[in-house]
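J.: Could you have a look at this structure, given as structure tokens, before my questions?
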Amino acid sequence: MHSVVNSNLLSISRNTSFPNVIRYAHHSCKILVIGGGTGGCTMAAKLSKTFHKSPNHVIIIEPSKDHYYQPLFTLIGGGISKFDTSKKLMKDVLPKNTQWLKDKVVSFEPEENKVKTENGDTVQYDVMIVAIGLELHWNKLPGLIESLQNPEAQVCSIYGPNTVANVFDKIKKTEEGNALFTFPNTPVKCPGAPQKIAYISEHYWTTNKTRNNINVVYNTSLPVIFGVKEYANSLLQVCNNRNIQVNLHTNLIAINPDKKEAVFQNLEKPENKHIAKYSLLHVTPPMGPPDILKKHETLSNEVGFLDIHPQTLQHNKFKNIYGIGDCTSTPNSKTMAAIASQSKVLYENIMANLSGREMKMFYNGYSSCPLVTAPGKCILAEFDYTFTPQETFPINQKRELLLMYLLKKHLFPFIYWNLMLKGLWNGPEKFRKIFTFIKSKNC
Ligand code: UQ1
């Protein structure tokens, strides 16, 4: 990895020959990317290609040693894909011509164009991209952590890299009783995943002939099964056909693993609580923006997300700060497909601003969710800020299709590792335009 730290600016550096003196590094760069997840890595790849000849170009701050392709977690939980295929070392996915600081931001100082890190370093930037994702708040649900740590508890979650690998065993162990799947009363990354794992589990029990002894229940805090009416209708049909009970406005508030009981609250009448016995409880944990953003009043909005313009993705107050992915205030569905589409807009807008041009690219809220309903079946939902379907393929995507399942299982992971993380995938917009053009010529 090339070092792009400006040595002139190394005002004080760590010096092991004077162990009593704490010496911090001062880095300086053109582009600072906070977060090495999907958004950060994709943007670092795009920008480092453009700026690779500049002496100080792209620095990425990311504390984790591993990088996950999280869209595979539903298939891993359902026993369809292997955990190892979702994981690579961070050092192998971050672009080579950037500098990785394996460190964590502890304070943002946007008025001075700098951040401070846990190691005590300071990083000065011309442009900063914030891509620090959503935090999983396991501890905000009483009983959840103990339940997940207890192998007998029959509580599981596809949402954590440390919990996803146990999910399939617990599905296999379930032979009767109530199998409950939950969706919390918070923003969620991949909001389709909490119901996908219910469909895949239900299919498993059907093939293993235990289904007649199991009640499958999807308890969601939301007022609808899915935000886009056309896809919601198809999904309700799937649930009706397969006798999956859907309870809306129903929020999990506590777990008692000893008694195998879960406490739910009716969000329409919060004083109404009920206790449900479970033989399997799949939990989607509460989530929220990272604390470091939440506590920064000028960077974040009233609910703690990075306060950016929904179309340009530029910060509403600090014009050299931008955001991408799950940590931002943009009201799209938080998926990897959304990040692919945002990455092109963000790249073009940063380049325009750096060269004094007007920003011309606007993000329309595109997001996509491949709703796997069983092995071999998938409804590929695609939509924008207005919750209007924006389908890529010239076929009816509201149906369960094998093609979409194959894309989800094989093509999207391939695109992710080989194109997106290298800055070469901007989502399917181009293909949608080509298909629309061909369709218009045929008519
Ligand atoms: C997509 O672009 C993408 O990024 C690689 C995904 O990753 C998980 C997806 O799941 C989806 C659906 C898209 C959108 C792409 C097409 C072809 C509809």
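J.: Carbon-plus-sulfur fraction of the accessible area of the chain, 1.4 Å probe, in percent?
T.: Exposed carbon and sulfur together represent 53 percent of the surface.
J.: For the range 367-442, calculate the relative contact order in percent as a whole number, restricting contacts to Cα pairs under 8 Å that are 6 or more residues apart.
T.: After rounding, I find 27 percent.
J.: Okay, moving on. Select from the range 316-398 those GluC sites (Glu not before Pro) which occupy a DSSP coil region and have at most 14 other Cβ atoms within 10 Å, ordered by residue number.
T.: When the GluC sites (Glu not before Pro) of the range 316-398 are filtered for loop state and at most 14 Cβ neighbours within 10 Å, Glu358 remain.
J.: Among Ser54, Ser234, Ser81, which one shows the biggest mean-square fluctuation in a GNM of the chain, springs joining Cα atoms closer than 10 Å?
T.: Ser54
J.: For the range 122-172, run through the GluC sites (Glu not before Pro) and keep only the ones in DSSP coil with at most 11 other Cβ atoms within 10 Å of their Cβ.
T.: Glu152
J.: In percent, what relative contact order does the chain have, based on Cα pairs under 8 Å that are 6 or more apart in sequence?
T.: 15 percent
J.: Restricting to Cα pairs below 8 Å that are 6+ residues apart, what does the relative contact order work out to for the range 304-443? Please round to a whole percent.
T.: RCO, the range 304-443: 18 percent.
J.: Next question, about the same structure. Would you mind working out the accessible area per residue for the chain, using a 1.4 Å probe, and quoting it in Å²?
T.: Result: 45 Å² per residue.
J.: Between the range 197-248 and the range 266-282, what is the C-alpha centre distance in whole Å?
T.: For the range 197-248 versus the range 266-282, the Cα centre distance is 17 Å.
J.: Note the angle between two axes, namely the Cα long axis of helix 429-442 and the longest principal axis of the Cα atoms of the chain, as a number of degrees from 0 to 90, rounded to the nearest 10.
T.: It is inclined by approximately 60 degrees.
J.: Let me ask something additional. Can you give the angle from 0 to 90° between the axis of helix 193-207 and the longest principal axis of the chain, with both taken from C-alpha atoms, to the nearest 10?
T.: 40 degrees
J.: Which of the lysines could a cross-linker span from Lys49 if the Cα-Cα distance has to be under 24 Å and same-chain partners fewer than 8 positions apart are dropped?
T.: Lys30, Lys65, Lys88, Lys91, Lys96, Lys102, Lys114, Lys319, Lys344, Lys360, Lys422, Lys430
J.: Taking K and R as +1 and D and E as -1, what net charge do the other residues with C-beta under 14 Å from the C-beta of Tyr199 add up to?
T.: Neighbour charge sum, excluding Tyr199 itself: +3.
J.: Taking trypsin sites (Lys or Arg not before Pro) as candidate sites, keep only those in a DSSP loop with at most 14 other Cβ atoms within 10 Å, then name the longest stretch of the chain containing none of them.
T.: 97-208
J.: Classify the range 162-205 from the C-alpha gyration tensor, please: rounded if a/c falls under 1.5, else prolate or oblate depending on whether a/b exceeds b/c.
T.: Prolate shape, in that a/c is at least 1.5 and a/b is the bigger ratio.
J.: In addition: Whole Å is fine, so just give me how far the alpha carbon centre of the range 364-388 lies from that of the range 299-319.
T.: Going from one Cα centre to the other spans 26 Å.
J.: Provide the percentage of antiparallel DSSP beta bridges, counting only those with both residues in the chain; round to the nearest 5.
T.: Beta bridges within the chain, antiparallel portion: roughly 50 percent.
J.: Output the 0 to 90 degree angle, nearest 10, between the alpha-carbon long axis of helix 38-50 and the longest principal axis computed from the alpha carbons of the chain.
T.: Orientation of helix 38-50: about 30 degrees from the principal axis.
J.: Here's a follow-up. I'd like the antiparallel share, as a percent to the nearest 5, of DSSP beta bridges with both residues in the range 191-289.
T.: About 75 percent, rounded to the nearest 5.
The values are calculated or read from the model by the stated rules, or taken from the named source; none is laboratory data. Not measured: the values here are computed from a predicted model. Cβ coordinates were reconstructed from backbone atoms using ideal geometry, including for glycine residues, and neighbour counts include every protein chain displayed. What goes into the accessible areas is simple: the full protein's heavy atoms, side chains included, and nothing from ligands, DNA or RNA. Shrake-Rupley method; radii C 1.70, N 1.55, O 1.52, S 1.80 Å.
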